[in-house]
Amino acid sequence: MKNFIQRAITGIIFVAVLIGCIISGPFSFGILFCIISAMATYEFCTLVNYQEEVDINRNICTLGSVFLFFCFFYYGINPAETGIFIPYLALIIYLLVSELYLKKKNPINNWAYSMMSQLYVGLPFALLNVLAFQNNLEISVSQYVFILPLSIFIFNWVNDTGAYCTGMLFGKHRLFERISPKKSWEGSIGGGVFCIIAAFALAHFFPIMPTATWIGMALTVVVFGTWGDLTESLMKRHLGIKDSGNILPGHGGMLDRFDSAIMAIPAAVVYLYFISLF
């Protein structure tokens, strides 16, 4: 009971802070996700460093993720300023070249995990800015649209809740028993149905996209969010841990809270880009 209350309080505060910062405006949005990106990247680097023959620079990797987020944020506000990405490329070069001089046991592992910290953690959070800022390149102006990044989390929360409830009631066929024994096909389908309902609601209150586009985005988040959850579960199984961290009482670490979003965000960006072509 004590753990349930702790988990509920943490969850309420977490959701309130997330929604509040996204809705409040671009700067609170930017500050929040800079912090989240830093914490998630540092957490990832700490986890992989527990493995034999892995010793990556947590501080530099974390700095890289934060700066990558800042680059996309700045580019979102000033779409003509592409030069902001140059220092980030220099940092990536440093991560590669530094292994020549550090004489660590397995530089290949260090290169791989350093790059993964940027691609798996840093880049997805940075891509939130692509959703948040709608740019007009012809006149170099942008507009902050909070509902698009917020919708990723809304769909994830609705999917998790719907999948849990439906799976508890009707779940019989395991979705991916080798990695996550509790997930069921019935739960996943139920989560998708709840997300479609949520898409209709968002289309009604935020008619910035056609209803069909909202539904397509919801299903994109359901599919790729589930894969994101399974990907992090596979990583934790390989590392032999239950949670990625303990910074959120009752909820584990930052990667545990954002595992679905980490894969759903890039997928949503690709989906909306594909839709814009037609």
Worksheet item: Taking the stretch 243-278, which residues are free of Cβ contacts under 8 Å to residues at least 24 places away in the same chain, over 18 Å from Tyr42 (Cα atoms) and either of a type outside the set (S, T, N, Q) or not in a helix (DSSP H, G or I) (or both)?
Response: Val270, Tyr273, Phe274, Leu277, Phe278
Worksheet, complete the sentence: The condition of being more than 28 Å from Ile147 (Cβ to Cβ) and touching a Phe, Trp or Tyr at 6+ places or on another chain (Cβ under 7 Å) holds, among Thr46, Thr62, only for Thr62
Worksheet entry | Exclusive hit being over 21 Å from the mean Cα position of the chain (by Cα) and exposed (fewer than 13 other Cβ atoms within 10 Å of the Cβ), set Ile86, Ile56 | Ile86
Worksheet entry | Scope the stretch 158-210; condition of a type in the set (A, V, I, L, M), outside any helix (DSSP H, G or I) and under 30 Å from Ser276 (Cα atoms); matching residues | Ile208, Met209
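Each row is one residue, and each column tells you yes or no for (1) crowded, with 16+ Cβ neighbours inside 10 Å; (2) at pLDDT 95 or above; (3) small (Gly, Ala, Ser).
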position	(1), (2), (3)
Gly191	yes, no, yes
Ala201	no, yes, yes
Phe206	no, yes, no
Thr213	yes, yes, no
Val222	yes, yes, no
Fill in: Filter pass, Gly122 being of a type outside the set (Lys, Arg) and either farther than 16 Å from Cys61 by Cα or in a loop (DSSP other than H, G, I, E, B) (or both)
no
Practice prompt. With the checklist (1) surrounded by fewer than 19 Cβ atoms within 10 Å (Cβ to Cβ); (2) aliphatic (A, V, I, L, M); (3) assigned by TED's automatic domain parsing to the domain that holds Gly30 in hand, flag the one item Leu169 doesn't pass.
Written response: (3)
Worksheet item: Filter the stretch 10-46 for residues that are in contact (Cβ under 8 Å) with a residue 24 or more places away in the chain and loosely packed, with under 14 Cβ neighbours inside 10 Å; which is nearest to Ile247 (Cα to Cα)?
Response: Phe14
Fill in: Looking only at the stretch 59-83, and only at residues there that are of a type in the set (S, T, N, Q) and under 15 Å from Met115 (Cβ atoms), the one that is surrounded by the fewest Cβ atoms within 10 Å (Cβ to Cβ)
Thr62
Discussion item. Residues to consider are Trp185, Trp157; find the one that is hydrophobic (A, V, I, L, M, F, W, C), more than 26 Å from Phe73 (Cβ to Cβ), out of contact with any Asp or Glu (no Cβ under 8 Å at 6 or more places or on another chain) and not assigned by TED's automatic domain parsing to the domain that holds Phe73.
Written reply: Trp185
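The values are calculated or read from the model by the stated rules, or taken from the named source; none is laboratory data. None of the values given here were measured: they were computed from a predicted structure. Reconstructed Cβ throughout: ideal geometry from the backbone, glycine too, with neighbour counts over all protein chains shown.
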